[in-house]
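The values are calculated or read from the model by the stated rules, or taken from the named source; none is laboratory data. The structure presented is a predicted model; accordingly, all values stated were derived computationally and were not measured. When we count neighbours, we look across all protein chains shown, and the Cβ atoms used for this are built from the backbone with ideal geometry, even at glycine. Side chains included, ligands, DNA and RNA excluded: accessible areas come from the protein's heavy atoms. Shrake-Rupley method; radii C 1.70, N 1.55, O 1.52, S 1.80 Å.
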Protein chains: 2
Amino acid sequence: MKSPRTERHLIGALNKGTGQLEQDASAEEMEGRGWNLLHEDLSLPAAVLYRDKIEHNLRWMQRFIDAYGMKLAPHGKTTMAPRLFDMQLQGGAWGITLATAHQVRAAHAHGVRRVLMANQLVGKLNMRMIADMVADPEFEFYCLVDSAANVNQLAAHFQQRGLRLKVLVELGVVGGRCGVRDDSQLKDVLDALRRSRGVVDLCGVELYEGVLKDEESIRAFLTRACEVTERLVAEGQFARTPALISGAGSAWYDVVAEEFARGAFGDAVEIVLRPGCYLTHDVGSYETQQQRILQSNPVAREMRSGLVPALHIWAYVQSIPEPDFVVVGMGRRDAAFDSGLPRPAVHFRPGGALPREVPAYWETTKLMDQHGYLKIAPGDDLQVGDMIGFNISHPCLTFDKWRVLALVDEKYEVVDLVKTYF
Amino acid sequence: MKSPRTERHLIGALNKGTGQLEQDASAEEMEGRGWNLLHEDLSLPAAVLYRDKIEHNLRWMQRFIDAYGMKLAPHGKTTMAPRLFDMQLQGGAWGITLATAHQVRAAHAHGVRRVLMANQLVGKLNMRMIADMVADPEFEFYCLVDSAANVNQLAAHFQQRGLRLKVLVELGVVGGRCGVRDDSQLKDVLDALRRSRGVVDLCGVELYEGVLKDEESIRAFLTRACEVTERLVAEGQFARTPALISGAGSAWYDVVAEEFARGAFGDAVEIVLRPGCYLTHDVGSYETQQQRILQSNPVAREMRSGLVPALHIWAYVQSIPEPDFVVVGMGRRDAAFDSGLPRPAVHFRPGGALPREVPAYWETTKLMDQHGYLKIAPGDDLQVGDMIGFNISHPCLTFDKWRVLALVDEKYEVVDLVKTYF
């Protein structure tokens, strides 16, 4: 029995950070509720996406990648929000990048039709889930391989299903994450791929430069990837024309674009970049990288504006037990804390007009599971029940704390609820 | 229109870590699927709860608290799993402790009828949500206050609704979290409470000793709480007979029991302890504390056994790019990392008999968002596609990464799927 009211289409009534729902509601049923953040219509803490800023960032990155004549496959693991995948695809993205079989399944169920799983596919059920999707002729799917063992496992599974699987060989560096370290490992994988051609088809080369920390090593790694790709093209190793080459997390996409642009590929290779965090951006390590990019990359320099933070976690002031010490209702359950703590950005007193920027010296000093500590100055005008919007660092580990995020317009009206599938 | 197939009763088809579901399914529809972890019927990574160990821990803590003649209100924020709340309540718990209005709503919707919200209630919608539940005469609810400002806000809201709210006054320490620091702040709160008596009713005293790190300070804090409670009883400040005194996180519940047992309360005070992490336990800081408790607490010493780790994150070996360096498909998206990394516990090769303990020198050295790094010795018998079960540290920040956890029996058969409501 198929029910049209599946979890896929409903906003559950028991999620944190939404307005009050008496029962699960469809997206259509959400319209016209007139929820406004500043009217306290959301239960705080709440994760709030600013529509205009999201759209700005979306356009910015698409223009950047377009300027290089490359393809954008935003890493969807950051948000795991099909509503945002839709916006990215409609904005010109080539496909969506994902990290696990589960994530691919969530995207496929929401209509995404081209996925690069920037990861190895391992395990019986994970392979079966992907095979079920690959059986859909409308669905174009790629994953990575970096060992003959994995190639052989994939070949056995997909052979049995009578299906073909498209893969990219992953290049890696010693001490890095996955990926073949050297030509000898690469040869093992290519040998295994040759034996399984027609079942597991080599379509390109992939790397993740973010395992390295300095620009020089990253450029050298990218140069190696270009050389390997050129060689494999020349050897006729690829089952796809053009072949694919893919790299780029959210920190070094400019360097990846610059180096891949130098590849002697001609029309033989299609270049796919995969940043994911640009959509909401942050005020942490990605902002630091963005400043570097705006200064050093000629394309970014010409674009005048940069990425802007587009996600706030809003929380109430819960207690001011000491004159300079504030406890807010936001903790490790609500925001990433692995790459800098959330930073207070705007303050709003219910009943007031508009949020105001907070003093630069206000600072989050600690997050517990459900609480945050804020350092202010004695005498600052702050009281229990006031609302504070926090900028975050590391979007990936912030999104995964929310099943629903509120998308608001410039008047703080909730125009949509964005579901996530972590 | 009420639908019986609400999100509350269904397991969504797009969750990670479950078996393959073609559509959302009710708990009843899950029975008879015969999923077994060792048959690779779950998509890894998956969070696996061991039923026998969960039940052991549940009985252990209830017996410990019973031995002191106190009440157990397990902190439900740890698991946010109504299925586990049920087990705790049926096992003898007095009620469930929670941290936010949203959490209370999720518990209430699943039939929990006594809640201690060990937190301040702040904000218009949060108050409205709680007021809606307090209007249910079957529902017994307490929250904390630590400022006259908050008392006055609560009084205004609940007065308007024609409802009464039961509160405990929270005691705190300088540099700690919430809670009145001294008698002067306490007096302000009590004055505000006196003005709003009949609307906001003082029913007891609360503290969270876990903001302190050494036993001596904790015992002093607990002594202060006993003295304050005795004094307020003598002054007739409480609207509840017996009054409540409550403390205890998952690290110092033994010390709290010992000190509260010394209180000169007689029948005038009911003592409520609130550990939450005991249900799954861990191999991190809570295990360290448990060793201390088993050595130093006379009741625990007599109980012969202790708490046992009851939660594993299972992941596949995804790549072995260097002889002693393994990448597994489990990352910061799947396990807590703020209090020690997950530790490899058991290894299983699909098709084999039973999982075996891993060598003691295997070690998780790093977690990225979706990957974990494992250090082994060259030549160890491990291959791509093998499964590893990891013990975790910090249950709270592990549970919140999973919408569904698999409850398995001693044969690794999935006997239930446990939904969470973060």
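Remark: pairs (first residue in the range A:119-144, over 20 Å from A:G179 (Cβ atoms) and part of a helix (DSSP H, G or I); second residue basic (K, R) and open to solvent by 10 Å² or more (accessible area, probe 1.4 Å); Cβ separation under 8 Å; 6+ apart in sequence or on different chains) = A:M129/A:R105; A:A131/A:R161; A:M133/A:R105; A:V134/A:R164.
Can you go through B:V189, B:V145 and tell me which one is open to solvent by less than 10 Å² (accessible area, probe 1.4 Å), facing another protein chain (nearest Cβ under 10 Å), modelled with pLDDT of 95 or more and within 23 Å of B:E270 (Cα to Cα)?
Exactly one of B:V189, B:V145 is open to solvent by less than 10 Å² (accessible area, probe 1.4 Å), facing another protein chain (nearest Cβ under 10 Å), modelled with pLDDT of 95 or more and within 23 Å of B:E270 (Cα to Cα), namely B:V145.
Scanning the range A:19-58 for residues that are modelled with pLDDT of 95 or more and at the interface with chain B (Cβ under 9 Å from one of its Cβ atoms), which turns out farthest from B:A109 (Cα to Cα)? Of everything passing the filter in the range A:19-58, A:H39 is farthest from B:A109 (Cα to Cα). For first residues located in the range A:219-231 and modelled with pLDDT of 95 or more, partners that are open to solvent by 60 Å² or more (accessible area, probe 1.4 Å) and outside any helix (DSSP H, G or I) and lie 6+ apart or on another chain with Cβ distances below 9 Å form the pairs A:L222/A:R262; A:T223/A:R262; A:C226/A:R262; A:C226/A:A264; A:E230/A:A264.
Restricting attention to the range B:361-380 and to residues that are hydrophobic (A, V, I, L, M, F, W, C) and within 29 Å of A:D400 (Cα to Cα), the residue that is nearest to the chain's Cα centre (by Cα) turns out to be B:L367. Listed by first and then second residue, the pairs with beta-carbon distance under 7 Å, at least 6 apart or on different chains, first residue in the range A:52-73 and among the small types (G, A, S), second part of a helix (DSSP H, G or I) and surrounded by fewer than 22 Cβ atoms within 10 Å (Cβ to Cβ), are A:A67/A:V299. When you scan the range B:297-311, do you find a residue that is modelled with pLDDT of 95 or more, within 12 Å of another protein chain (Cβ to nearest Cβ) and assigned to a loop (DSSP other than H, G, I, E, B), even just one? No, the range B:297-311 has no match at all. Just one of the numbered conditions (1) at pLDDT 95 or above; (2) buried (at least 17 other Cβ atoms within 10 Å of the Cβ) is not true of A:Q289: (1).
Step by step: first the residues of the range B:293-322, then only those that are β-branched (V, I, T) and open to solvent by 10 Å² or more (accessible area, probe 1.4 Å), then the one that is nearest to B:L367 (Cα to Cα). Which residue is that? Among those residues, the one meeting the criterion is B:I320. Taking each residue of the range B:98-115 that is more than 10 Å from every other protein chain (Cβ to nearest Cβ) and of a type in the set (V, I, T) and looking for partners that are open to solvent by 10 Å² or more (accessible area, probe 1.4 Å) and in a loop (DSSP other than H, G, I, E, B) with beta-carbon atoms closer than 9 Å, six or more apart or interchain, yields B:V112/B:F139; B:V115/B:F139. The sole residue among A:Q62, A:Q103, A:Q88 that is within 24 Å of A:E302 (Cα to Cα), surrounded by 22 or more Cβ atoms within 10 Å (Cβ to Cβ) and at pLDDT 95 or above is A:Q88.
Here the range B:6-18 is the region considered, the condition is being at pLDDT below 85 and facing chain A (nearest Cβ under 7 Å), and the residue that is surrounded by the most Cβ atoms within 10 Å (Cβ to Cβ) is B:E7.
Only one of B:Q160, B:Q153 is open to solvent by 10 Å² or more (accessible area, probe 1.4 Å), among the polar types (S, T, N, Q), more than 10 Å from chain A (Cβ to nearest Cβ) and out of contact with any Pro (no Cβ under 7 Å at 6 or more places or on another chain). Can you tell me which?
That would be B:Q160, the only listed residue that is open to solvent by 10 Å² or more (accessible area, probe 1.4 Å), among the polar types (S, T, N, Q), more than 10 Å from chain A (Cβ to nearest Cβ) and out of contact with any Pro (no Cβ under 7 Å at 6 or more places or on another chain).
Checked against (1) in contact with a Pro (Cβ under 9 Å, 6 or more places away or on another chain); (2) among the hydrophobic types (A, V, I, L, M, F, W, C); (3) within 14 Å of chain A (Cβ to nearest Cβ), B:A248 meets all criteria but (3). Checking each residue in the range B:170-201 for being more than 30 Å from B:D214 (Cβ to Cβ) and either in contact with an Asp or Glu (Cβ under 9 Å, 6 or more places away or on another chain) or in contact (Cβ under 8 Å) with a residue 60 or more places away in the chain (or both) picks out only B:L193. In contact with a strand residue (DSSP E or B) (Cβ under 7 Å, 6 or more places away or on another chain), at pLDDT 95 or above and at the interface with chain A (Cβ under 7 Å from one of its Cβ atoms), is that true of B:H347? In short, no. Taking the condition modelled with pLDDT of 95 or more and under 25 Å from the mean Cα position of the chain (by Cα), does B:R356 pass? Here the answer is no, as B:R356 does not meet what is asked. Taken together, the residues in the range B:163-186 that are open to solvent by 40 Å² or more (accessible area, probe 1.4 Å), within 24 Å of A:V326 (Cβ to Cβ) and of a type outside the set (D, E) amount to 4. Scanning the range A:106-120 for residues that are open to solvent by 30 Å² or more (accessible area, probe 1.4 Å) and closer than 28 Å to B:V328 by Cα turns up A:H108, A:A109, A:H110, A:R113, A:R114. Of all residues in the range A:327-347, none satisfies being surrounded by fewer than 23 Cβ atoms within 10 Å (Cβ to Cβ), more than 28 Å from B:G179 (Cβ to Cβ) and of a type in the set (K, R).
For (1) buried (at least 24 other Cβ atoms within 10 Å of the Cβ); (2) at pLDDT below 95; (3) charged (D, E, K, R), each residue gets a yes or a no:
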site: B:A239; (1), (2), (3): no, no, no
site: B:I245; (1), (2), (3): yes, no, no
site: B:A261; (1), (2), (3): no, no, no
site: B:E270; (1), (2), (3): no, no, yes
site: B:C277; (1), (2), (3): yes, no, no
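Among the residues in the range B:27-42, are any free of Cβ contacts under 8 Å to residues at least 60 places away in the same chain and closer than 19 Å to B:A310 by Cβ? No: zero hits.
Only residues that are assigned to a loop (DSSP other than H, G, I, E, B) and hydrophobic (A, V, I, L, M, F, W, C): list them for the range A:240-278, please. First the steps, then the outcome.
Residues of the range A:240-278 that are assigned to a loop (DSSP other than H, G, I, E, B), as a first pass: A:240-242, A:248-252, A:262-265, A:274-276.
A:A248, A:A251, A:W252, A:A264, A:F265 - these are the residues of the range A:240-278 that are assigned to a loop (DSSP other than H, G, I, E, B) and hydrophobic (A, V, I, L, M, F, W, C).
Summed over the range B:73-84, the residues that are out of contact with any Pro (no Cβ under 8 Å at 6 or more places or on another chain) and part of a strand (DSSP E or B) give a count of 0.
Each residue in the range A:381-422 was checked for being under 19 Å from the mean Cα position of the chain (by Cα) and either part of a strand (DSSP E or B) or within 12 Å of chain B (Cβ to nearest Cβ) (or both), and 21 of them qualify. Considering only residues that are touching a Phe, Trp or Tyr at 6+ places or on another chain (Cβ under 8 Å) and in a loop (DSSP other than H, G, I, E, B), look in the range A:361-379 and name the one that is farthest from the other protein chains (Cβ to nearest Cβ). This residue is A:A377.
Considering only the range B:287-304, I want to know if a residue exists there that is touching a Pro at 6+ places or on another chain (Cβ under 8 Å) and under 23 Å from B:S393 (Cα atoms). Yes: one or more hits.
From the list A:G123, A:G76, the lone residue that is within 10 Å of another protein chain (Cβ to nearest Cβ) and open to solvent by less than 10 Å² (accessible area, probe 1.4 Å) is A:G123.
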